Structures are given as C-alpha cells and as structure tokens.
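The values are calculated or read from the model by the stated rules, or taken from the named source; none is laboratory data. Note that the structure is predicted; figures quoted are calculated from it, not measured. We place every Cβ from the backbone using ideal geometry, glycine too, and count neighbours over all the protein chains shown. The protein model used for the area step is the full one, side chains on, heavy atoms only, and it has no ligands, DNA or RNA in it. Shrake-Rupley method; radii C 1.70, N 1.55, O 1.52, S 1.80 Å.
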Amino acid sequence: MVVNPAGFVLIDDGGVPRSFTGVARNTISGGDFVYISGADAVVSSGANSFNPVTDILLCTAASGNLVNGVAMNNAGSNSVVTVVTRGRVLVTCNATVTAGGKVAVDGANSVLDAGSVAGNVAALRTIGRSLTGNSSGGYVLVDLQC
C-alpha cells in the first residue's frame, strides 16, 4: 500500500471546506482513502437519534464505488477520524495521470485516470479531477469531489 509519507496534505479547501467525523474500524493513517462501512447504531427519524461522531464507521482500502473521502488524521481502531470530502489534496499515482482528467481510487491509496481501466470504468467512481499530471509512484494534486 502506497501512502504519502507526509500523511494528509491539504493544499487548500477550494473555498468550500467539507468534512465529517466517524469512528475507525481499523487503523487509519492520515492520507488514506476511506469508505463508510455502516452505522454503529440504528437511527430513527429524529435528528436526536444520530451522533455525528460515533455513528459512522470507517474503513481503509477504499476503491471503485466505495470511497467517501480522505482521512485527515491518524486513528487507531475505535478512535475518531475526520474525513475530508472536498478540497485539494496531494495523492499518489498508481499509473500515469493526466492533468485535468477525472481520477478514481484504485484500492491501494492511490489514483489513476478514471477512463484508463478498459471494461471496468463502471466500477470506478470518479472522485475528482487531477490538477497536475504525473507518472506511477509520483504525486498529483487532486480537486477532491467525493
């Protein structure tokens, strides 16, 4: 698994910061792509039944359609983690990424051009656009739109 050794790196929030908190089901590092793996409690129709910190459970190894954002902090199992869903973040490339192109998450905490996987595009949900280009193993600036 390739993760930015600097952890979570936010370049700017694009003027619309958007994040949420949840509880890590496993160890999560800042910069990991994460997905929501369910709610910890049954939520009723009233807002008072929902705890925005503890009722959302998060896992790593996000890919395809299972990606909800990027972890902003390190968190051990059953610890609180904040997830950014909008902003510009530095992430690793798993293949050549073209500046301006749509990107998707590959399951190894890196991105690739969303249209680069022939026959599998339906399984890859676009998570934003790359504002810079690079080759496999390099870093790109992604305008995150989860």
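Here are a few things to note about the model shown:
- Listed values for segment 93-106 are Karplus-derived 3J(HN,Hα) couplings in whole Hz (6.51 cos²θ - 1.76 cosθ + 1.60, θ = phi - 60°), namely 8, 9, 7, 5, 10, 8, 4, x, x, 6, 10, 10, 8, 9, and x replaces Gly and Pro.
- Contour excess over end-to-end distance, with Cα ends at S37 and A108 and 0.36 nm allotted per residue: 23.8 nm
- Relative to the 2.2 N^0.38 Å rule of thumb, the chain has a C-alpha radius of gyration ratio of 1.03.
- At a probe radius of 1.4 angstrom, the accessible area of the chain per residue rounds to 47 square angstrom.
- Residues with amide H under 5 Å from that of G87, placed H, sequence gap 5 or more: L144
- FRET E, pair N51, Q145, Förster distance 25 Å, beta-carbon r, rounded to 0.05: 0.40
- The solvent-accessible area of S135, taken with every protein chain present and a 1.4 Å probe, is close to 60 Å².
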